[in-house]
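After the structure tokens below, expect a handful of questions from me.
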Amino acid sequence: MLESKRKAIIFIVISVLLAATAGFLVLKKVQALNTNLGTSVKIFVAKDTIPSRSLITPDDVKTEEIPKKYLKKGYHITDVNDLVNKVSVVPLANGDIITKNVLKTASEVVDENNRLITLAQNERVFFDEQLFSLDRVDLIVSDRFSGKEETKIFMRDVKVARVSDNSKMIQVEVPLDKVPDLIQMQNYADSLRVIKANVGKSESSDSRPAAEDQEEKTPTEQKTPTEQKTETKPETKPAAQPKEQKPTQKQPAKDTSKQPAKTTTKKP
């Protein structure tokens, strides 16, 4: 009986030790999994269908949790500020993960009827000023297509969509029907000048006549001194007129001289 009790106690102790060891190993394994997986983080997904090229609003998105291990920086959206003034270049369905590579700022997405054309500064293309995104430019072309040298305004008020870091290359937003003409001028024209025009149409139309008026006023202002001189000359002529009237006043004096002559004839 004593030996059986001893054996039972030994088996119980061994089983407890084994259970404790197993529990410790399981705990370590769980801790290792938790450290590998990490805590869960929230990412943004589409709450409903989001059409392409449409501005994303707070009602279009929702959050879902994923393990931190599977979070990719620069890919998933975890901050709501990353969705401000953004559009998706592809349509998104309900539950689709919104990633940074499908988002563009609203100002950089062009109209569906427009296209982006790259203009690189070279021996034919000149930029008169440093350009920035959203600037407005005019395109001036010099060519000999008609058999004679000609310089003309090719396009007005063209939007600059993007500018390279070194400011030597720009992308302009052009209507689709004007794209072939612009490429033709870019490749075969003698010169293509890009002139910055940030003034609005109403202001530019007002400023041009003002400049013309100033140009017209300046010659008149220069002519006024000479005109004043010419005007002073006729002023002397009316001054001479009263001199001619003075002899008319002297005529009665002559008549008085004749009267004493008559008196002298009466005395003899």
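How many residues are modelled with pLDDT of 85 or more and over 14 Å from V172 (Cβ atoms) if we restrict to segment 105-132?
Selection size over segment 105-132: 7.
Being farther than 22 Å from V179 by Cβ, surrounded by 11 or more Cβ atoms within 10 Å (Cβ to Cβ) and without any contact (Cβ under 8 Å) to a residue 40 or more places away in the chain is the filter here, so list the residues in segment 121-149 that pass it.
Of everything in segment 121-149, just one residue is farther than 22 Å from V179 by Cβ, surrounded by 11 or more Cβ atoms within 10 Å (Cβ to Cβ) and without any contact (Cβ under 8 Å) to a residue 40 or more places away in the chain, namely F132.
Results for (1) of a type outside the set (A, V, I, L, M, F, W, C); (2) outside any helix (DSSP H, G or I); (3) in contact with a His (Cβ under 7 Å, 6 or more places away or on another chain), shown as yes or no for each residue.
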| position | (1), (2), (3) |
| --- | --- |
| L18 | no, no, no |
| L25 | no, no, no |
| E65 | yes, yes, no |
| N81 | yes, no, no |
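Would you say V89 is among the β-branched types (V, I, T) and under 29 Å from M169 (Cβ atoms)?
The answer is yes for V89.
Being out of contact with any Leu (no Cβ under 8 Å at 6 or more places or on another chain), assigned to a strand (DSSP E or B) and farther than 14 Å from Y75 by Cβ is the filter here; which residues of segment 85-104 pass it?
L92, K104
Given the residues K148, K159, K152, which is the only one that is among the charged types (D, E, K, R), outside the structural domain of K72 (by the TED database) and within 14 Å of A197 (Cβ to Cβ)?
Every option except K159 fails the conditions.
Look at K69 and say whether it is surrounded by 11 or more Cβ atoms within 10 Å (Cβ to Cβ) and part of a helix (DSSP H, G or I).
Spelling it out, K69 is indeed surrounded by 11 or more Cβ atoms within 10 Å (Cβ to Cβ) and part of a helix (DSSP H, G or I).
The values are calculated or read from the model by the stated rules, or taken from the named source; none is laboratory data. As the structure is a computational prediction, the values presented were derived from the model and not from experiment. FYI the Cβ positions are ideal-geometry reconstructions off the backbone, even for glycines, and counts take in every protein chain you see.
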